Amino acid sequence: MSDKLKFEPNEAPAGGWGALNATAKVLRHQRTMVKGGRSLLAMNQPDGFDCPGCAWPDPKHTSSFEFCENGAKAVAWETTEKRVTPEFFAKWTVTELDQQSDYWLEDQGRLTDPMRYDKATDKYVPVSWNDAFALIGRELRALEDPNQAEFYASGRASNEAAFLYQLFARLYGTNNLPDCSNMCHEPTSVGLPNSMGLGKGTIVLEDFEHTDAIFIIGQNPGTNSPRMMTELHNASRRGVPIVVFNPLKERALVRFANPQDPIEMATGGSTRIASEFCQIKVGGDVAALKGIMKLVIEADDAARASGQPAVLDWTFIEEHTIGFEALAEDLRLTKWDEILEVSGLPYDQLVRVAQIYMNAKSVIACYGMGVTQHVLGSDNVQQVANLLFLRGNIGRKGAGINPVRGHSNVQGARTVGVDEKPSKALLDQMGRIFDFEPPREHGHNVVHALEAMIEGTCKIFIGLGGNFVAAVPDTPRAIAAMRKLRLTVAITTKLNRGHVVHGEEALILPCLARSEIDFQESGPQSITVEDSMSFVHASGGLHVPASENLKSEIAIVCGMARATLLNTRIDWKAFEDDYDLIRDRIEAVFTNIFKDFNTRIRRPGGFRLPNSATDRIWRTPSGKAQFNVFKGVDENPQVPHAEMLRMSTVRSHDQYNTTIYSMDDRYRGVYGSRMVVFMNKEDMAARGIEPGGPIELEALNNDGIERKLRNFTALAYDIPRGSIASYYPETNALIAVSYNDQKCQTPASKSVPVLVRAMAS
């Protein structure tokens with residue numbers, strides 16, 4: 001074990017005083033105790049700003065504290081008093097910065113000025129905004145083909161910025177609009193429309209108050225969406241059974257102490273969350289779901305044969321669905337030994353879980369990237385829908401499907417047009433409203449963009465937020481490809497890996513944070529975001545910007561468009577001056593869902609977009625919800641190697657996407673290092689690996705490229721045999737760019753076939 005690493009597992013509940021102490025610690029570290037504290041009181045409030053972290057919705061009746069530990073870290077990160085100024089860049093070459101950790105880079109503070117890479121000195125040097133925009137315009141106009149440019153969008157962008165960004169790209173002539181959803185919930189956007197005609201969840205927050213059972217599949221809310229823990233905590237205390245499927249027994253899903261519960265805080269008490277913790281093997285979700293559905297159908301067969309009330313909701317099935325008989329036949333033929341082997345669960349636990357499902361009138365099923373990031377991720381999400389369809393658990397109070405989105409506006413950006421595969425209707429309407437002929441050819445998603453960079457056909461990369469090179473798979477190949485680009489542009493608040501891995505020309509364009517006042521010609525502005533339950537609400541900052549040289553994301557997009565599209569008739573300056581005008585155009589393009597946009601957004605809490613599946617309106621070709629058969633039980637292709645293990649990448653508790661808040665992972669007991677692999681002790685013994693010993697990982701790929709990582713530490717952990725877990729993005733290098741869901745190209749980061757070997761100490 002390295003000198004930096006400490007491994008001290010504990011059984012303490014998640015949340016509680018540990019969460020409050022961690023919040024105070026990060027505020028102190030970023031020197032923002034007063035400012036950050038004010039920000040937290042305004043975050044997720046009707047007249048405040050939206051959390052820059054996860055997309056969990058706000059309750060209708062907010063308390064004084066509508067933030068979680070990781071939301072507090074995100075705010076501390078952007079309200080920090082630390083600054084990355086031109087003087088900072090004068091001290092460091094990019095080569096020197098590239099030797100620093102991801103944590104160190106972002107911990108330096110807020111960017112203050114636009115910067116341009118100077119090859120002669122290997123440093124970033126100041127550049128005026130006008131010169132930066134002019135450089136972007138010249139380089140884009142010089143391309144032989146608009147499809148040689150990639151317009152990447154992060155989920156942190158507002159609806160207004162995202163709408164203008166996709167308009168800019170399409171006026172320029174491309175649908176190359178890869179975005180962060182391509183790497184996480186694209187299987188939801190592809191799989192669910194086939195099941196129910198909509199690629200979004202169907203529940204609202206109040207459904208948690210009326211549900212009879214909650215299923216959580218491949219999701220770690222204690223780290224990735226901690227405000228969800230309030231609903232789980234409340235439901236458990238009401239006696240609602242909560243069934244969890246996850247390879248790791250994450251602390252927050254075992255026991256949780258609510259920091260806003262005075263009794264638990266005063267007494268050191270906590271609340272049990274999972275009533276059944278199904279510790280599946282990596283890649284065992286579908287096997288478990290098929291086992292539960294098989295039991296439910298068997299129970300219905302038995303009930304009808306004996307004249308008892310039906311178990312299935314036959315009224316819903318007959319009136320609202322097609323494909324049930326094919327599903328039932330497949331489930332009856334699926335063998336129990338296959339289900340139990342692949343899921344890793346005992347038969348008696350599946351029986352208990354099926355009974356919970358059958359006893360509940362209303363069931364909510366929540367899922368995360370543990371379901372989506374597989375080779376058959378799009379098919380996986382359909383099995384979650386199948387389970388709910390069996391007993392009519394869509395479109396009823398207290399019931400429905402809930403894809404737990406990660407980034408705060410990743411769903412909203414897609415709603416307003418950031419989509420590499422736009423519909424004909426969208427393009428037709430865009431063309432009518434803005435008087436141009438949009439490109440019709442489908443563009444690049446993240447994987448296609450990365451492939452274009454590797455092949456050398458991509459020349460320019462523009463990133464509206466995010467940390468693309470750290471987030472994508474095949475890290476060494478991605479880095480080499482990015483460095484061959486003609487121009488890279490980063491619109492960002494903080495320094496990250498994407499700025500030290502750059503093209504021949506490179507720009508860093510610093511933007512306002514959500515907590516900062518956005519003052520334009522018409523006065524202070526608000527932007528809007530859509531949460532994971534389809535509510536759109538306003539967000540307005542309260543702090544003076546970190547630098548007078550910052551621009552809003554909208555102003556930066558407008559500046560790039562003016563400098564590039566010299567003959568456009570669009571008044572970009574008017575959009576920059578008054579965001580109401582942008583919302584008017586969003587309404588004009590999306591008339592049915594954004595009617596009276598500017599009026600409704602001024603109401604506290606905003607409004608919910610239409611949700612057809614909630615209303616049991618199925619926008620599928622048949623006009624009904626579709627049961628989809630999953631052949632077999634394997635979510636990922638078989639690999640004929642006796643020593644193969646399945647690796648799932650995970651985030652630490654002190655992490656949000658690629659942002660690393662510290663080198664610790666309090667809930668898993670890891671301190672001081674992220675170069676670790678969680679392993680079953682029997683798997684370790686079989687390979688001659690000592691706990692805390694150094695190991696090497698090798699990916700089993702079929703593309704002929706060797707992918708190895710060395711000098712990781714093996715930690716004996718409670719995880720099923722055949723499964724291991726490691727941190728993202730440290731092990732992204734093991735994931736081939738071609739290893740993805742073939743229906744939507746989402747990288748299969750949750751089930752990577754690897755070999756693990758002991759190294760000499």
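The values are calculated or read from the model by the stated rules, or taken from the named source; none is laboratory data. Small disclaimer: the values here were computed from a predicted structure and weren't measured. Counting neighbours? That spans all protein chains shown, and the Cβs are built from the backbone with ideal geometry, glycine included.
Which numbered condition in (1) buried (at least 22 other Cβ atoms within 10 Å of the Cβ); (2) touching a strand residue (DSSP E or B) at 6+ places or on another chain (Cβ under 8 Å) is the only one that ARG666 fails?
With (1) buried (at least 22 other Cβ atoms within 10 Å of the Cβ); (2) touching a strand residue (DSSP E or B) at 6+ places or on another chain (Cβ under 8 Å) applied to ARG666, the lone miss is (2).
Taking only segment 73-111 into account, find how many residues are over 30 Å from GLY222 (Cα atoms) and either small (Gly, Ala, Ser) or under 24 Å from the mean Cα position of the chain (by Cα) (or both).
Total satisfying the criteria: 1.
Could you list all residues from segment 516-533 that are within 19 Å of the chain's Cα centre (by Cα), acidic (Asp, Glu) and part of a loop (DSSP other than H, G, I, E, B)?
Once the filter is applied, which keeps residues that are within 19 Å of the chain's Cα centre (by Cα), acidic (Asp, Glu) and part of a loop (DSSP other than H, G, I, E, B), segment 516-533 yields only ASP531.
Check whether at least one residue in segment 704-713 is of a type in the set (A, V, I, L, M), assigned by TED's automatic domain parsing to the domain that holds PRO753, over 13 Å from ASN680 (Cα atoms) and buried (at least 19 other Cβ atoms within 10 Å of the Cβ), and report yes or no.
Yes, that holds for at least one residue.
Which of the residues that make up segment 706-733 are more than 20 Å from LYS281 (Cα to Cα), touching a residue at least 60 places away in the same chain (Cβ under 8 Å) and hydrophobic (A, V, I, L, M, F, W, C)?
Hit for segment 706-733 is ALA733, nothing else.
So, in segment 373-411, how many residues would count as being under 20 Å from PHE215 (Cα atoms) and part of a helix (DSSP H, G or I)?
The number of residues fulfilling the criteria is 14.
Of all residues in segment 138-155, count the ones that are farther than 18 Å from GLU420 by Cα and not in a helix (DSSP H, G or I).
2
I need the full set of residues from segment 534-545 which are within 27 Å of the chain's Cα centre (by Cα) and among the aliphatic types (A, V, I, L, M), in order please.
If the condition is that a residue be within 27 Å of the chain's Cα centre (by Cα) and among the aliphatic types (A, V, I, L, M), then VAL536, ALA538, LEU542 are the ones that fit.
Hey, any hits in segment 586-604 for a residue that's more than 30 Å from ASN402 (Cα to Cα) and without any contact (Cβ under 8 Å) to a residue 24 or more places away in the chain?
No.
For a quick check of your reading: which helices (runs of 4 or more DSSP H) sit entirely within segment 231-322 and have at least 2 residues that are free of Cβ contacts under 8 Å to residues at least 40 places away in the same chain and either outside the structural domain of ASP212 (by TED's automatic domain parsing) or surrounded by fewer than 17 Cβ atoms within 10 Å (Cβ to Cβ) (or both)?
262-267, 285-305, 314-320
Name the single residue, out of those in segment 564-579 being at pLDDT 95 or above and assigned to a loop (DSSP other than H, G, I, E, B), that is surrounded by the fewest Cβ atoms within 10 Å (Cβ to Cβ).
Ranking the candidates gives ASP571 first.
For segment 77-136, which positions are aliphatic (A, V, I, L, M) and part of a strand (DSSP E or B)?
VAL84, LEU111, MET115, VAL125 - these are the residues of segment 77-136 that are aliphatic (A, V, I, L, M) and part of a strand (DSSP E or B).
Residues TYR717, TYR728: which one is surrounded by 16 or more Cβ atoms within 10 Å (Cβ to Cβ) and farther than 22 Å from ALA449 by Cβ?
TYR717
Tell me, please, whether a residue that is outside any loop (DSSP other than H, G, I, E, B), assigned by TED's automatic domain parsing to the domain that holds LEU426, farther than 30 Å from PRO114 by Cβ and among the aromatic types (Phe, Trp, Tyr) can be found in segment 535-553.
The answer is yes; a qualifying residue exists.
Would you be able to say whether some residue in segment 190-205 is part of a loop (DSSP other than H, G, I, E, B), buried (at least 24 other Cβ atoms within 10 Å of the Cβ), modelled with pLDDT of 95 or more and more than 19 Å from the chain's Cα centre (by Cα)?
No: segment 190-205 contains no residue that is part of a loop (DSSP other than H, G, I, E, B), buried (at least 24 other Cβ atoms within 10 Å of the Cβ), modelled with pLDDT of 95 or more and more than 19 Å from the chain's Cα centre (by Cα).
Report yes if ILE582 is touching a Leu at 6+ places or on another chain (Cβ under 9 Å) and modelled with pLDDT of 95 or more, otherwise no.
yes
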